[in-house]
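Q: My questions will all concern the structure given below.
Values quoted throughout were computed directly from the atomic coordinates according to the rules given, and no laboratory measurement underlies them. A quick note: this is a predicted structure, and the numbers were derived from the prediction, not measured. FYI the Cβ positions are ideal-geometry reconstructions off the backbone, even for glycines, and counts take in every protein chain you see.
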Amino acid sequence: AESNVVTLTGDNFTEWTEKKGLSLVEFVAPWCGHCKKLAPEYEKAAEVLKSEDIHLGKVDCTEDQVLCEKMEVSGFPTLMIFKDGEHAAYNGTRTESGIVSYMRKQLLPPLSKLDADSFDKFTKSDRVVVVGFVEDSESDEYAVLDTLAKELRDDFTFGVVADKDLAKEQGVTSPGVVVYKQFDDGKDVFEEDITAKTLRTFIKTSSVPVLDEINGSNYAMYAQTGLPFGFAFFDSEETRKELEKQLYPVAKAHKGAINVVLIDANKFASQADHLNLEHKWPAFAIQKQANLDKFPFSQDEKITEEGIDAFVKDFIGDKLEPSYKSEPIPESNDGNVFVLVSKQFNEVVFDKSKDVLVEAYAPWCHHCRSLVPIYEKLGSILKHNKNLVISKMDAIANDVPSSESALQIYGFPTIVLVSGKNNAIVEYNGNRSLESLVEFVKENAAYDITYNKSDLEVKDEEEDEG
């Protein structure tokens, strides 16, 4: 079948993007797996949008390298929106529905004025539509809606009604806000005073279903709410249906406090590992987004509506202790480098009588293995400093039991100094040489550090500038 996606080259790119009122261009490479995955979704979106005068094109960067360099394409696929001679990054999802929704929003003003003739079609035009009912365009509520519509226009469609009869017909008392949606009960009514903060939170919370299956295509939608996740793992359709039956009332009762989601254990078992769950299904655990604290529901108990409801209530009421994976506390720990485990983490790291250098490593990390002799030497030459601890922790076998964002591990090795007296945290970003590490400790420690400069002489093969 003939494609609705126009193939663009250096010869027709400029003319095509300037003549089309609104277009989306995908920059691809034939070998790119993500490009291949996107291709059918992109084609289906082009079919839907062609009747709306929204055009989709693509550029093969292996054929038009000069053009792609000019457009500063640094990865594949890269998608850009072109409108009125200007271009901007596409920030929507890579699904047919996501592309269609995102591009339709680009044709609309941030806040569309609605009347009786346009209301029904508008409220059914997208997956989530926010409509404010106000007295007039001079009201404080209108100003809040206008501000949020501009801020969130890439994510949501906004409309406003200043017609008292239409508001009455819709059962809304002005000022008011209704989120119309193509799932759950069809709409959520905002019942608080209209402020940017409260309305923003309400819109984001309303934009996700009460209970749905989570995957790569919708994770960001849930994440943008900022709410904790309640992950319910299933490994069969039968288990999934039973979880839906038990958890839907819980998810609905606590909507706005936690996002309860179903997750396929066959595809995402590694997520269960992060939540300190055994591979026994079904399973349930809560995870905070802010600091990744996790709260696994006992796998010795059956998952029931009553049990999970009580568990979620205890979580909301701060009655649950986070779960931290930890190796046993070593029986002997008097080496040059202190072996740190989760069970001792806070006790050792936040001891204000000492400066503590922490290396978080992974056993499989090449850079971590290369650092071992240098780090061991560091511990050796600084060990006589009684107010200093040089420590290391296997970050695969141990969690960091702290909400401090500066202590969260995003790569290996991660090295930080927690200074004594005030527990200030400083991340090490230098090269992995002994001299640099010693200088870092000396500069950032709260207590005086002494060492023999002659001890810094190490063999070249021990150095790793990494």
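Q: In Å and on Cα atoms, what radius of gyration and Dmax does the range 127-206 show?
A: 11.6, 34
Q: On to the next question. Please compute the modelled spin-label separation between residue 51 and residue 2, points set 7 Å along Cα→Cβ, answer in nm with one decimal.
A: 1.7 nm
Q: Computed from these coordinates, which is semi-axes √(5λ) of the Cα gyration tensor in Å: (i) 49, 32, 23; (ii) 40, 28, 19; (iii) 37, 29, 22?
A: Correct label is (i).
Q: While we're on this one: What do you get when you divide the Cα radius of gyration of the range 338-456 by 2.2 N^0.38 Å, with N the number of residues?
A: On the way: Rg = 13.2 Å, N = 119, 2.2 N^0.38 = 13.5 Å.
Compared with the compact-globule rule of thumb, the range 338-456 sits at 0.98.
Q: Let me ask something else about it. Semi-axes of the equivalent ellipsoid for the range 220-274, please: Cα gyration tensor eigenvalues, times 5, square-rooted, ordered largest first, whole Å.
A: 19, 16, 8
Q: OK, next. Gap in Å between the Cα centre of the range 385-423 and the Cα centre of the range 248-291?
A: Cα centres, the range 248-291 to the range 385-423: 27 Å.
Q: How big is the charge dipole of the range 109-207 about its Cα centre, in debye rounded to the nearest 20, if each Lys and Arg gets +1 on its Cβ and each Asp and Glu gets -1 on its Cβ?
A: In total the dipole reaches around 420 debye.
Q: For q = 0.17, 0.20, 0.24 Å⁻¹, what log10 I(q)/I(0) does the range 45-140 give under the Debye formula with an equal point scatterer on each alpha carbon and no solvent?
A: The computed values of log10 I(q)/I(0) come out as -0.90, -1.11, -1.39.
Q: Another question, then. Along the charge dipole of the chain, Cβ charges K/R +1 and D/E -1, which of 27, 243, 14 sits furthest on the positive end?
A: Positive-end residue among those listed: 243.
Q: With axes computed from alpha carbons, what is the tilt in degrees of helix 434-444 against the longest principal axis of the chain, rounded to the nearest 10 within 0 to 90?
A: With rounding to tens, the tilt is 80 degrees.
Q: May I ask for the distance between the Cα centers of the range 26-105 and the range 172-211, given as a whole number of Å?
A: A separation of 31 Å, based on Cα centres.
Q: Right, next: Distance in nm between label sites at residue 306 and residue 352, each 7 Å beyond Cα in the beta-carbon direction?
A: The two pseudo-label positions are separated by 4.8 nm.
Q: I've got another one for you. Return one number: the angle in degrees, 0 to 90 and rounded to the nearest 10, between the long axis of the Cα atoms of helix 305-316 and the longest principal axis of the Cα atoms of the chain.
A: 70 degrees
Q: Hey, another quick one. May I ask for log10 I(q)/I(0) of the range 1-100 at q = 0.14, 0.16, 0.17, 0.20 Å⁻¹, from a Debye sum over the Cα atoms as equal point scatterers with solvent left out?
A: Debye output, listed in q order: -0.46, -0.62, -0.71, -1.01.
Q: Which value in nm describes the separation of the simple spin-label points at residue 367 and residue 220, placed 7 Å from the Cα toward the beta carbon?
A: 2.6 nm
Q: If N is the number of residues in the range 302-405, what value comes out of its Cα radius of gyration divided by 2.2 N^0.38 Å? Don't skip to the end; give the middle numbers.
A: Details: Rg = 17.9 Å, N = 104, 2.2 N^0.38 = 12.8 Å.
Scaled against compact globular proteins, the figure is 1.39.
Q: Also, I was wondering about something else. Can you give the angle from 0 to 90° between the axis of helix 96-107 and the longest principal axis of the chain, with both taken from C-alpha atoms, to the nearest 10?
A: The helix 96-107 is inclined about 70 degrees to the chain.
Q: Give the cross-link partners of residue 288 among the aspartates and glutamates, using a straight C-alpha distance below 20 Å as the criterion and excluding same-chain residues fewer than 8 apart.
A: Residue 288 reaches 212, 213, 264, 273, 278, 309, 314, 318, 321, 399, 404.
Q: For residue 424 and residue 267 in one chain, what is 0.36 nm times their gap in residues minus the Cα-Cα distance, to one decimal in nm?
A: Separation in residues times 0.36 nm, less the Cα-Cα distance, equals 52.5 nm.
Q: Also, I was wondering about something else. Taking 0.36 nm per intervening residue step and subtracting the Cα-Cα distance, what contour gain separates residue 112 from residue 244 on full extension?
A: Net length gain for the segment: 43.8 nm.
Q: Also: Length gain on complete extension for the stretch residue 455 to residue 408, per 0.36 nm per residue less the alpha carbon to alpha carbon distance? Mind dumping the intermediate values first?
A: Numbers: separation 47, 0.36 × 47 = 16.92 nm, distance 3.22 nm.
Net length gain for the segment: 13.7 nm.
Q: About the Cα centre of the chain, how large is the charge dipole given +1 on each Lys and Arg Cβ and -1 on each Asp and Glu Cβ? Please answer in debye to the nearest 20.
A: 420 debye
Q: Just tell me which lysines come within less than 18 Å, Cα to Cα, of residue 58; anything on the same chain fewer than 8 places away is out.
A: Output for residue 58: 19, 20, 36, 37, 44, 50, 70, 83.
Q: So, one more: With each run of n ≥ 4 DSSP H residues scored as -39500 (n - 2.57), what mean residue ellipticity at 222 nm is computed for the chain after dividing by its residue count and rounding to the nearest 500 deg cm²/dmol?
A: Working: 15 runs with 149 residues, N = 466.
The helix-only estimate for the chain comes to -9500 deg cm²/dmol at 222 nm.
Q: If amide H atoms are built 1.01 Å from N in the plane of the peptide, which residues on other chains or at least 5 residues away come under 5 Å of the amide H of residue 78?
A: For residue 78, the qualifying residues are 27.
Q: If you don't mind, another one. So for the range 148-252, considering every pair of alpha-carbon atoms, how many percent are separated by more than 20 Å?
A: The share of Cα pairs beyond 20 Å in the range 148-252 comes to 50 percent.
Q: Would you list which lysines come within 19 Å of residue 343, measuring only between C-alpha atoms, while excluding same-chain residues fewer than 8 positions from it?
A: List returned: 294, 325, 352, 354, 392.
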